[in-house]
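Below: the structure, in structure tokens.
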Amino acid sequence: TDHSELTPDLTEAGGLPMGPLASMSPEQAASGGIDVDTRSDVYSLGILLYELLGGRPAFDPAELAAAGYPAALEILLHRAVLTPSSVIEGLDPAEAAALAGCRSTDVAKWISAVRGDLDQVVAKCLEKDRSRRYETVNGMALDLARFLANEPVLARPPSRRYRLRKFVDRNRAACLSTL
């Protein structure tokens, strides 16, 4: 990612939190670092994952910088972010094609790969209420490993249909041989 987009950083002067506001968890930005735990790290990793998957940051750093700290804090605390797949769908077609090309795919395959489980993992990472996020980075990593193994991810609401679809996807040859 381009680190120039992460500036300007807020400093500790005047009791403001230290670091790039665009990647801070709501509790970290609001409390100045008091009562921050590993779920804040999960949020920041979710911000990075969001940008890697969707090609855009979850919050526009320039907008946050121009808004000033109180308004930027309101954005972080209350504005819902679009899913990464929705961001891709909203891109200019030429820009989407260029970004898909950087990922060695086409736009439709890119959206299809991100929609669903990865959208849900990112949404769980970026929950405003930290009690609804992954408790640890390891929990997030295990869910991403489940996604890569085509197993049900915990970020998604459990349903029989979803679990059955994942089972069939993992065991396609065995399922087809029973027909």
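Side notes on the structure shown:
- Two-site label geometry, ALA173 and GLU89: point separation in nm, points 7 Å out along Cα→Cβ: 3.6 nm
- Here region 92-179 was treated as a single set of alpha-carbon atoms; its pair distances binned every 10 Å from 0 give 15, 35, 32, 16, 2 percent.
- Rg ratio (alpha-carbon, reference 2.2 N^0.38 Å) - the chain: 1.16
- The accessible surface of region 54-179, taken with every protein chain in place and a 1.4 Å probe, is 57 percent carbon and sulfur.
- Computed label-point distance, nm, for sites ASP129 and LEU144 using a 7 Å Cα→Cβ extension: 2.6 nm
- Entry comment: accessible area of the chain is 57 Å² per residue, from protein heavy atoms only and a probe of 1.4 Å.
- Most mobile listed residue (ALA155, ALA22, ALA100) in the chain, GNM with C-alpha springs under 10 Å: ALA100
The values are calculated or read from the model by the stated rules, or taken from the named source; none is laboratory data. Here the structure is a predicted model, which is why all the values come from computation and not from measurement. We place every Cβ from the backbone using ideal geometry, glycine too, and count neighbours over all the protein chains shown. Remember, those area values only see protein heavy atoms, side chains included, never the ligands or the DNA or RNA. Shrake-Rupley method; radii C 1.70, N 1.55, O 1.52, S 1.80 Å.
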